[in-house]
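A.B. asks: Please read through the structure below; I'll follow up with questions.
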Amino acid sequence: MQQRHGVGITISAVSVPADEPTKIFAEKFWSHTGIHLKAGVVYDIRATGTWLDASIRTGPAGYASTDVSPLKVPFFKLAESRRRVPTANWFALIGALDEDESTQFVIGPGTPAHGFTPPRDGELTCFANDLRSKYDNNSGAIEITVTPRRARG
Ligand SMILES: [Ca+2]
């Protein structure tokens, strides 16, 4: 374990490497962040950068089936229901705790104004929303920054 010496300040009770960007790789079924979230703490998650679904370049918000070339739109629409998160955009950034699909939530370019409050403790694991069998043509990575809000009181 790495230890920091001589800083002399207590940051908080939350052991999160705040404000250090972490890469999420498009071709990975799960990217592990090493960031352990605590139940009940409110987090802000921000994502930047671009990644590619074959030749389609997009950001963490992902893209809609209607954004692709007109001839391909019907195929993309037909496949929507088989995305890992059917209701989210293609290549939307998705988060979950410990690869647990029951905890999946859409991050996109960032969590909403009320932030994200984990239902339980767990490591933040992420992926680009795609068909389960179609990660081999993905490339690039986006970066996320996770910031815990200061506890009230
Ligand atoms: Ca793909």
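A.B. asks: Can you give the charge dipole size of the stretch 22-148 about its Cα centre, rounded to the nearest 20 debye, using +1 on the beta carbon of Lys and Arg and -1 on the beta carbon of Asp and Glu?
C.D. replies: Charge dipole of the stretch 22-148: 320 debye, to the nearest 20.
A.B. asks: Something else now. Sort the stretch 83-153 into rounded, prolate or oblate with this rule: let a ≥ b ≥ c be the square roots of the eigenvalues of the Cα gyration tensor; rounded if a/c is under 1.5, and if a/c is not under 1.5, prolate when a/b is larger than b/c, oblate otherwise.
C.D. replies: prolate
A.B. asks: Taking a label point 7 Å from the Cα of residue 105 along the Cα→Cβ vector, which residues of the stretch 29-45 have an amide N closer than 19 Å to it?
C.D. replies: 31-45
A.B. asks: What do the square roots of 5 times the Cα gyration tensor eigenvalues come to for the chain, in whole Å, largest first, as semi-axes of the equivalent ellipsoid?
C.D. replies: 32, 15, 13
A.B. asks: Take the Cβ-Cβ distance between residue 67 and residue 132 as r, set R0 to 22 Å, and report the resulting FRET efficiency rounded to the nearest 0.05. Don't jump to the answer; show the numbers that get you there.
C.D. replies: Details: r = 21 Å, r/R0 = 0.97.
The calculated FRET efficiency here is 0.55.
A.B. asks: Identify which of 53, 136, 67 has the largest mean-square fluctuation in a Gaussian network model of the chain, with springs joining Cα atoms closer than 10 Å.
C.D. replies: Among 53, 136, 67, the largest GNM mean-square fluctuation belongs to 67.
A.B. asks: Further question: Could you pull out which residues in the stretch 111-153 have an amide N less than 19 Å from a spot 7 Å beyond the Cα of residue 79, following the Cα-Cβ vector?
C.D. replies: Under cut-off, by backbone N: 127-141.
A.B. asks: Also, I was wondering about something else. Counting other Cβ atoms within 10 Å, which GluC sites (Glu not before Pro) in the stretch 54-147 have at most 16 and lie in a DSSP loop?
C.D. replies: 99
A.B. asks: Something else: For the stretch 77-84, in order, what is each residue's ³J(HN,Hα) by Karplus, 6.51 cos²θ - 1.76 cosθ + 1.60 with θ = phi - 60°, in whole Hz (x at glycine and Pro)?
C.D. replies: For the stretch 77-84, the Karplus-derived couplings read 5, 5, 8, 3, 5, 9, 5, 4 Hz, x marking Gly and Pro.
Taken together, the values in this text are just the output of simple stated rules run on the coordinates, not laboratory data. This structure is a prediction, so every number in the text was calculated from the model and none was measured. All Cβ positions, even for glycine, are placed from backbone atoms using ideal geometry, and neighbour counts span all protein chains on display.
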